[in-house]
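Right, one structure below, let's go through it.
The values are calculated or read from the model by the stated rules, or taken from the named source; none is laboratory data. A quick note: this is a predicted structure, and the numbers were derived from the prediction, not measured. Virtual Cβ from ideal backbone geometry, glycine too; neighbours counted across all protein chains shown.
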């Protein structure tokens, strides 16, 4: 590299140690449905457990299990962290397939 100066790229990695106190009575919840609402200053995630819909009853029923509220900035950080974790999961275990993304014979999603 005659006469050319190479720029050294520095990556600064910050690691934050976090201690989280868990209540003794705190239990994980199962959620197969989430409702997301937002206003100008807050996002609200309502996590629910929806029950199977019998063919003769077209009304879906479920129970709200947890509600999480966060600022738009934290919601975006959550999105980035979730996207990163899904990418890592799929690298390790394969693509997550969604029933609502089945391809038709024409190659279109339905």
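Per this entry, residue 73 is counted among residues that are within 23 Å of residue 41 (Cβ to Cβ), loosely packed, with under 10 Cβ neighbours inside 10 Å and at pLDDT 95 or above. Figure legend. Inter-residue proximity from the stretch 49-63: first residues more than 11 Å from residue 31 (Cα to Cα), second residues in a loop (DSSP other than H, G, I, E, B) and modelled with pLDDT under 80, beta-carbon distance below 9 Å, spacing 6+ or different chains. Indicated pairs: 59/53; 60/53; 61/53. So, of the residues in the stretch 42-62 that are touching a strand residue (DSSP E or B) at 6+ places or on another chain (Cβ under 7 Å) and part of a loop (DSSP other than H, G, I, E, B), which turns out to be surrounded by the most Cβ atoms within 10 Å (Cβ to Cβ)? Only one residue fits best here, namely 42.
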